[in-house]
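Chemist: Have a look at the structure that comes next, please.
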Amino acid sequence: MTTWLRTRARAGEKLLGALLRMPSEELVEMLAVAEFDFVLIDCEHGPADITALRNHIALAAVHGVPVIVRVGENDGGQILRVLDQGAEGILMPHLDSAADAAALVDASLYPPVGSRGFATYSRAGRFGETPPAEHLERYLENTLVLGMIESPAGVRNVDAIVATPRLDGILVGPADLAASSGPDDLPVPDAIATVHAALATAGSLRMDIVGTRAAAEASFAAGADLVVYNLASSLMRHLRDLAAPQR
């Protein structure tokens, strides 16, 4: 296997990916050919069919591109199935407290760190060919565990959230944060800056979601470790441009 995504991010490599929803097999291949570092598949706002997801993960693996999956909120069963199919990372939405972060870690990692159900006969264990001790060590060490802060409560609790052992990093969800913020809450730009400052202090990974190359470059320059394009937004902007030539 090539170097794990978590190892690359923790070593300081700046990593670029794209968020897409299923079915998108051809887009997975196109991202791989374009030499993106990873693919983030959305099973929160997109279809969460595990069979289709398996096909996407397997196709990405053929091209050597790791997959992170954004799962449904508090869905430990989905986390288990996603990781069994070979995803390298989990992104959980709506972390509002340290308890939410601890539950994410618990569902994502094998004992003694977490309580993920153990099996080697899945795709991740090479259908039983990986020795149990090796499989256990491999996924304890290399599973990338990320969460999303998307509410004023999450912003208020950010220091406790990022202090959660084995939580690797945070993506701020700007749309949900804006929707859930009221007049008594921090303005959204200040709330995002608060989260980013806490991540920098804790040495946690920062993931940003953007729509343009210029925004990606700005995020990396501002300290992001992983940047992911909202592919639907980017493609629609490009399609709108293509649909409006001078006639």
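The values are calculated or read from the model by the stated rules, or taken from the named source; none is laboratory data. Just so you know, these numbers come straight off a predicted model, no measurement behind them. Every residue, glycine as well, gets a Cβ built from its backbone with ideal geometry; the counts of neighbours run over all protein chains shown. SASA here: full protein model, heavy atoms, side chains in, ligands and nucleic acids out. Shrake-Rupley method; radii C 1.70, N 1.55, O 1.52, S 1.80 Å.
Chemist: Name the residues in segment 30-51 that are charged (D, E, K, R) and buried (at least 17 other Cβ atoms within 10 Å of the Cβ), would you?
Modeler: Asp37, Asp42, Glu44, listed by residue number.
Chemist: With the structure loaded, tell me whether Tyr139 is more than 21 Å from Thr7 (Cα to Cα), under 17 Å from the mean Cα position of the chain (by Cα) and of a type in the set (Ser, Thr, Tyr) or whether it fails that test.
Modeler: Here the answer is no, as Tyr139 does not meet what is asked.
Chemist: Need the failing condition index for Lys14 against (1) closer than 19 Å to Asp168 by Cα; (2) within 14 Å of the chain's Cα centre (by Cα); (3) in contact (Cβ under 8 Å) with a residue 60 or more places away in the chain, just the number.
Modeler: Unmet condition: (2).
Chemist: In addition: Does Ser219 meet the test of being among the small types (Gly, Ala, Ser) and within 30 Å of Gly86 (Cα to Cα)?
Modeler: Yes: the conditions hold for Ser219.
Chemist: To continue, here is another question. Only one of (1) assigned to a helix (DSSP H, G or I); (2) in contact with a strand residue (DSSP E or B) (Cβ under 8 Å, 6 or more places away or on another chain); (3) modelled with pLDDT of 95 or more fails for Ala102. Which number is that?
Modeler: Against the list (1) assigned to a helix (DSSP H, G or I); (2) in contact with a strand residue (DSSP E or B) (Cβ under 8 Å, 6 or more places away or on another chain); (3) modelled with pLDDT of 95 or more, Ala102 comes up short only on (2).
Chemist: When you go through Val113, Val158 one by one, which is the residue that is in contact (Cβ under 8 Å) with a residue 12 or more places away in the chain and open to solvent by 10 Å² or more (accessible area, probe 1.4 Å)?
Modeler: Just a single option satisfies the conditions, and that option is Val113.
Chemist: Name the residues in segment 161-202 that are open to solvent by 50 Å² or more (accessible area, probe 1.4 Å) and among the small types (Gly, Ala, Ser), would you?
Modeler: Selection gives Ala163, Ala175, Ala178, Ala179, Ser180, Ala193, Ala197, Ala200, Ala202.
Chemist: I would also like to ask the following. Whether any residue in segment 109-120 is of a type outside the set (D, E, K, R) and not in a loop (DSSP other than H, G, I, E, B) is what I want to check.
Modeler: No, every residue in segment 109-120 fails to be of a type outside the set (D, E, K, R) and not in a loop (DSSP other than H, G, I, E, B).
Chemist: Could you list, in sequence order, the residues of segment 136-155 that are open to solvent by 20 Å² or more (accessible area, probe 1.4 Å) and acidic (Asp, Glu)?
Modeler: Within segment 136-155, Glu137, Glu141 qualify.
Chemist: Would you check which residues across segment 108-126 are among the aliphatic types (A, V, I, L, M) and under 12 Å from Leu140 (Cα atoms) and list them?
Modeler: Within segment 108-126, Leu109, Val113 meet the criteria.
Chemist: Scan segment 63-73 and give yes if some residue there is open to solvent by 50 Å² or more (accessible area, probe 1.4 Å) and touching a strand residue (DSSP E or B) at 6+ places or on another chain (Cβ under 8 Å), otherwise no.
Modeler: Checked against the condition, which is being open to solvent by 50 Å² or more (accessible area, probe 1.4 Å) and touching a strand residue (DSSP E or B) at 6+ places or on another chain (Cβ under 8 Å), segment 63-73 yields at least one hit.
Chemist: If I ask for residues that are under 18 Å from Ala200 (Cα atoms) and not in a helix (DSSP H, G or I), which ones from segment 212-229 would you list?
Modeler: Within segment 212-229, Ala222, Gly223, Ala224, Asp225, Leu226, Val227 meet the criteria.
Chemist: While we're looking at this one, here's another question. Mind listing whichever residues of segment 63-78 are within 15 Å of the chain's Cα centre (by Cα) and not in a loop (DSSP other than H, G, I, E, B)?
Modeler: Within segment 63-78, Val67, Ile68, Val69, Arg70, Gln78 meet the criteria.
Chemist: Leu53 versus (1) part of a helix (DSSP H, G or I); (2) touching a strand residue (DSSP E or B) at 6+ places or on another chain (Cβ under 9 Å); (3) at pLDDT 95 or above: which is the lone unmet condition?
Modeler: Evaluating Leu53 over (1) part of a helix (DSSP H, G or I); (2) touching a strand residue (DSSP E or B) at 6+ places or on another chain (Cβ under 9 Å); (3) at pLDDT 95 or above leaves (3) as the failure.
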